[in-house]
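First the structure, in the form of structure tokens, and then the observations on it.
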Amino acid sequence: MEQWKMSVLTGVALIILALLFSFVKGGISIWMAIVIVLGVIDIIIGIFRKKKEGI
């Protein structure tokens, strides 16, 4: 699989898992917020890599 796809899928998986865990625990903690932010950053990096490959 291409590197940018792996980055985007990893970011999406991080966000989904963090949201599910927060829902099960009944609240969002600082650690879950950090995981969500890291997931968003991973998606942004993946999109940047895709644009860079396209050039």
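Observations
- Filtered by the rule that a residue be touching a Ser or Thr at 6+ places or on another chain (Cβ under 8 Å), at pLDDT below 95 and either exposed (fewer than 14 other Cβ atoms within 10 Å of the Cβ) or of a type in the set (D, E) (or both), segment 19-55 gives a lone residue, S29.
- Residues located in segment 17-43, provided they are closer than 27 Å to G54 by Cβ and β-branched (V, I, T): V37, V40, I41, I43
- Any hit, segment 28-41, residues being among the small types (G, A, S) and not in a helix (DSSP H, G or I): yes
The values are calculated or read from the model by the stated rules, or taken from the named source; none is laboratory data. Computed from a predicted structure; not experimentally measured. As a convention, Cβ positions derive from the backbone with ideal geometry for all residues, glycine included, and neighbour counts pool all protein chains shown.
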